[in-house]
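Read the structure below first, then the notes.
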């Protein structure tokens, strides 16, 4: 911003902003800019002048524009309870979108101010039905998010990306979330898991924390463990404040860099699974990160567990959140659970002790699960994802995989694919079937790679035809035609 004035940029430092953003896009970056609600009180600044002219500001009880200090200095605050103000604010995003900005980050929108909180008697228009700040405070960030979303939605044909600090019930319709300015403390890593699970249970599923902590200096161990704990959080972002030490993985040592890279790559492999969970959330309200009791409500052992979570129903994660910890006590709920790293099977309703060196995140897959993966990439869209990798943990179960263009609203017109995978065990053999429940998106996978765990397979058939595969191998790649496919893994 130019002197912290919203909807501007410093044209001396960024004299060709559009070209810079185009260069970033070519490298795979998405550009998301901060917009705060505080409008710098400066005559000649177009946003301030328009706000003043149209009386789109909060007022003192006597009707004078309410002024407080934020980053630009003295500011007035837009009144988002006024629908005309929301429409005006939405239209202001046009200039940013024209130069290629991809999303908006609404910050300081409680609203925050430097000279104490806004007094309770500050007045809001509320479309002609005046209310005081004490009544409107909780919806301020919500209505700002709504205005921002509608601005992006009206000005582009893509799904808007908005992230907000302040929110209210229902803000998930308009924005994603992060938990605010945390600190580089082990206590804050421990706090992150129950915060995100509770937000998910409250409907605010697309959330995350500042990985490594925002304030203070992070450590190599803390940053590494925070990356591991966050690979299934919908919002995945390392972020730190000015004045703290550099927090990129390579700013520490080679071990931190290599382990962080390992888990970032793992997250990108799980992108189709995470996207499926977001789709499920839209349909059912179920969050991505789930407390264990959500699917194990008769198991009293799960009620007070706040340092483990389920990613969907099939993956259980037990991050290391204690400094220096080398062994992690893990509770496994009902069922059979397979160690993601070793393949060892464990019986549920049981505690186990997992060795957890710095490069190990305790992670378990429920037996009978089918987990979709992609090839790892540096950013979404770097490669054409024309092959879906299926990790089969043999048992009885089914899985729905969702596919669309990832950007537009065409899915609302039925332009998406919904694949149903079902697996069954019979006579120590395994059968996996693939069928379409919806076939409306014209970009299909060219091939499937099926990887099966803890099985000794001697023969594979796809639609009754034997498939050549290397003896001892635990995976096979094949193409399909039509809307149905049967895969048989045989012990003959």
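Bear in mind these aren't lab numbers, they're just calculated from the coordinates by the rules spelled out. Bear in mind that the values here come from a model prediction, so they are computed numbers and not experimental data. Glycine also receives a Cβ, built like all others from the backbone with ideal geometry; neighbour counts cover every protein chain displayed.
The mean sequence separation of alpha-carbon pairs under 8 Å and at least six residues apart, normalised by the residue count of the chain, gives a relative contact order of 8 percent. Taking every C-alpha pair closer than 8 Å and separated by at least 6 residues, the mean separation divided by the residue count of the range 289-366 gives a relative contact order of 29 percent.
Kindly identify the chain as rounded, prolate or oblate by the Cα gyration tensor criterion: order the square roots of the eigenvalues as a ≥ b ≥ c, call it rounded if a/c is under 1.5, otherwise compare a/b with b/c, prolate if a/b is larger, else oblate. Note, shape of the chain comes out prolate. Above 14 Å, the calculated P(r) of the range 289-366 contains 57 percent of its Cα-Cα pairs.
Built from the Cα atoms of the range 158-279, the convex hull projects on average onto 7.8 nm², one quarter of its surface area. Pairs of Cα atoms nearer than 8 Å and 6+ residues apart set the relative contact order; for the range 404-478 it is 24 percent. Against the main long axis of the alpha-carbon atoms of the chain, helix 271-284 sits at an angle near 70°.
Highest mean packing first, where packing is the average number of other Cβ atoms within 10 Å per residue, the peptides 305-318, 421-434, 390-403, 178-191 line up as 305-318, 390-403, 178-191, 421-434.
Look at where the Cα atoms of the range 266-326 and of the range 88-122 average out, and the two centres are 32 Å apart. From helices alone, the chain scores -7000 deg cm²/dmol at 222 nm; the rule is -39500 (n - 2.57) for each run of n ≥ 4 DSSP H residues, then divide by the residue total. How large is Rg/Rh for the range 17-264, to two decimals, with Cα atoms and a Kirkwood Rh? We get a ratio of 1.00 for the range 17-264. For the range 342-445, a Kirkwood radius taken over Cα pairs fed into Stokes-Einstein (10 °C, viscosity 1.306 mPa s) yields D = 96 µm²/s.
Would you please classify the overall shape of the range 17-72 from the alpha carbon gyration tensor, given that a ≥ b ≥ c denote the square roots of the eigenvalues, rounded means a/c under 1.5, and beyond that prolate means a/b larger than b/c while oblate covers the rest? Since a/c reaches 1.5 and a/b is larger than b/c, the shape of the range 17-72 is classed as prolate.
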